[in-house]
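The values are calculated or read from the model by the stated rules, or taken from the named source; none is laboratory data. Everything numeric here is computed off the predicted structure, so don't read it as measured data. With ideal geometry, Cβ positions are generated from the backbone for all residues, glycine too; neighbour counts draw on all protein chains shown.
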């Protein structure tokens, strides 16, 4: 299984010499695979980009998932800090990440 973690600089691990929280999760699974010889661990992809807002994630979501879709995918979204500092309240209704992604996932499952 592949886990794609989308987000901003906090997700990316910006200014963290150890790579941030996503990198720590990845290292934990990698170490478990090495220690136990069980290589059926999730592969964690850090999709965090410094400065990204939910709109930025929307723009790249389809392309980022398509190129990694050769295995089962799971998603983690850690986004919102940059939305809070921009004009997010002036966006048209329905443009928020949550409603877009849930609508898209429900449509694909039907």
Residue 103, sole failed condition from (1) farther than 21 Å from residue 11 by Cβ; (2) modelled with pLDDT of 85 or more: (2)
Tally of residues being assigned to a helix (DSSP H, G or I) and either free of Cβ contacts under 8 Å to residues at least 24 places away in the same chain or loosely packed, with under 13 Cβ neighbours inside 10 Å (or both) across the stretch 1-42: 15
